[in-house]
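Notes to accompany the following structure.
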Amino acid sequence: MKRLPIRRFIFDRTDAVVVAAILAVGFSYFVGSGLDWSQVEAAVADTALTTETPLEAPLTVSAIAPAPAARAPAAEAASGPAVAVETPDPAWNELVRRLAAQAISFNGRVAIYLKDLQKGRVWAYHADDLFPSASLIKVPIMISVFNKITTGELSLQTRLQLERRHRTGGSGSLKWYRDGSQFTVRQLLEKMIDESDNTATKMLIDQVGITYLQQQFAKMGLIYTEIYPEGLSLKNSGVTYENYTTAREMAGLMDKIYRGEAVDRYSSQLMVDILKRLKAQSRLAKHLPSGWEIAHKTGLLRRACHDSSIVFSPKGDYVMVVLTGQNHDYTRAKDFIAKLGQLSYRYYENDPSFYVRASEYRLAGRPRAQDVD
């Protein structure tokens, strides 16, 4: 009987790095060990930024890719393109390269989703990783309340009464009002977003019901973003049922609001107006250029620090979502998010330095990720 030849598989350096990263991630999750993400990401990102051919990679590896074709939410969440594909725009390539370098160097978990709303171009980094939603959960809550309004079961002018059981610590001023004080649904929505008022949030949830919200979240196409009463607590740790979200799903909600597809066009416009009123001038709003506008919601809880935004610029509007986790210093996390926002502003301002650096980058060859300033 003739013996079949044994095939030899020869791995090049690119395959070896990616396979090693996949095995390390899988083993870390299995045994629950503390994997040094910065080293894994640096190795994979360095390979992704220096190779000439596309790489297949797992969900958790950074992606530099043009916008994928439209897919069902479940299919999109299940797949994770991690392809080093450049666009015809050198400045855009430079932007995402710098964003990736900043993310890799950050001492904590990071997810980023950037979408140019005119060109449909998308860049994502760990966009399907789960993070505690913190106050970002208030965006789908707002959408759900507006849905209740369109069905006629509620009105923006409906008055709700503050009771002792509604009082919640943390952000917001309503906790200082007397029992029996009344507020319209619109006032509560504005307080919930503008001040991230937890008491206003509790009043709205009490009005529509947690079961209704869970049903609406599913109808919005949210797969990972869920809401549980315990996840709304302000405890620093020990939450059995956490409210999680992803950068991709938060960006999807902001995109729908921008396009007038969150409930309906009128409701979406009102939501944009409310999101523009946010008083916090930090994170993505910190370095906003004069004359620009930002509609966004921040979140801060259980070592998570986030910002989810729609940026309105003279050169084009875009969605940018930055989630961070395992933070030991909230101030540092806020400054990190502000830095990412500033990089995006420079691109959309047509900052000449981006084009100069992009030109050098294209002529000199792709630099290593650790060489990026």
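Readers should treat all values here as calculations from the given coordinates under stated rules, not as data from a laboratory. Quick caveat, the model's predicted, so the values are computed rather than measured. Don't worry about glycine lacking a Cβ; one is built from the backbone with ideal geometry, like all the others, and counts go over all protein chains shown.
Which value in Å does the Kirkwood hydrodynamic radius of the stretch 266-355 take, with 1/r averaged over all unlike C-alpha pairs and then inverted?
The answer is 13.6 Å.
Rg and Dmax of the stretch 223-278, using alpha carbons, in Å: what are they?
14.2, 40
When Lys and Arg each count +1 and Asp and Glu each count -1, what net charge do the other residues less than 11 Å away from ILE337, Cβ to Cβ, add up to?
So the surrounding residues net to +3.
Size of the dipole of the stretch 153-290 about the Cα centre, Lys and Arg at +1 and Asp and Glu at -1 on the beta carbon, nothing else charged, in debye to 20?
Once rounded to the nearest 20, the dipole reads 400 debye.
Please enumerate, by chain and number, the lysines with C-alpha under 27 Å from the C-alpha of LYS115, excluding those fewer than 8 residues away in the same chain.
LYS138, LYS219, LYS256, LYS276, LYS279, LYS286, LYS297, LYS315, LYS334, LYS339
Any chance you could get the radius of gyration and Dmax over the Cα atoms of the stretch 135-220, in Å?
Rg, Dmax (Cα atoms, Å): 12.1, 36.
Could you work out Rg/(2.2 N^0.38 Å) for the stretch 239-310, with Rg from alpha carbons only?
Rounded to two decimals, the normalised Rg is 1.20.
Going by average Cβ density within 10 Å per residue, which order do the peptides 296-302, 235-241 take, highest to lowest?
Packing order, densest peptide first, comes out as 296-302, 235-241.
Please compute the modelled spin-label separation between GLN214 and ARG164, points set 7 Å along Cα→Cβ, answer in nm with one decimal.
Output for this residue pair reads 2.9 nm.
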